[in-house]
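Colleague: Here's a structure for you.
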Amino acid sequence: MKRQITENLDVDLERVEWCCHHCGHVLGSARENYKKGCLIAERSPHEIWRPLVDEKHSFSYDPGWARVVEFYCPGCAVMMDVEMLPPGHPITHDIELDVDALLRKARSS
């Protein structure tokens, strides 16, 4: 009893777990942040948006103010999400499901 939540993310309602849509790798409890079960790569914005000039204002994001955080499935390496955060900011919990309501709806169907 899986439900697709995003292009790359499913929720298994029988086991109440997040899983990869492509390979089925389990990412953890659906009551928690799925990103905890992902491989995480932190990158400087200069790796993605190369500075155009070698000056104080380089037309790129300042790594002192922003970092790029990528989340990958440990099973098949598909990118699950990417976010730009200030240094030291915790990983966002961007998807929170009402699991109990989904379970009730699935059982009544």
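Colleague: Identify, by number, the condition in (1) modelled with pLDDT under 90; (2) under 19 Å from GLN4 (Cβ atoms) that PRO51 doesn't meet.
Modeller: Only one criterion is unmet by PRO51, namely (2).
Colleague: Something else about it: Suppose we keep only residues that are among the hydrophobic types (A, V, I, L, M, F, W, C) and touching a strand residue (DSSP E or B) at 6+ places or on another chain (Cβ under 6 Å) within the stretch 58-73. Which one would you say is farthest from ASP94 (Cα to Cα)?
Modeller: Across the stretch 58-73, the extreme among qualifying residues is ALA66.
Colleague: On to the next question. Mind checking whether some residue in the stretch 7-27 is loosely packed, with under 12 Cβ neighbours inside 10 Å and either out of contact with any Cys (no Cβ under 6 Å at 6 or more places or on another chain) or touching a residue at least 60 places away in the same chain (Cβ under 8 Å) (or both)? Break it down into steps so the answer makes sense when it comes.
Modeller: Of the stretch 7-27, the ones loosely packed, with under 12 Cβ neighbours inside 10 Å are 7, 14.
The next check asks that each one be either out of contact with any Cys (no Cβ under 6 Å at 6 or more places or on another chain) or touching a residue at least 60 places away in the same chain (Cβ under 8 Å) (or both); those that pass are 7, 14.
Checking the stretch 7-27: at least one residue is loosely packed, with under 12 Cβ neighbours inside 10 Å and either out of contact with any Cys (no Cβ under 6 Å at 6 or more places or on another chain) or touching a residue at least 60 places away in the same chain (Cβ under 8 Å) (or both).
Colleague: Of all residues in the stretch 23-53, which are over 15 Å from the mean Cα position of the chain (by Cα) and within 13 Å of ASN8 (Cβ to Cβ)?
Modeller: CYS23, GLY24
Colleague: Moving on to the next point. Of the residues in the stretch 48-98, how many are under 18 Å from HIS21 (Cα atoms) and among the hydrophobic types (A, V, I, L, M, F, W, C)?
Modeller: Result for the stretch 48-98: 10.
The values are calculated or read from the model by the stated rules, or taken from the named source; none is laboratory data. These figures come from a predicted structure and were not determined experimentally. Positions of Cβ are backbone-derived with ideal geometry, glycine not excepted, and every protein chain shown enters the neighbour counts.
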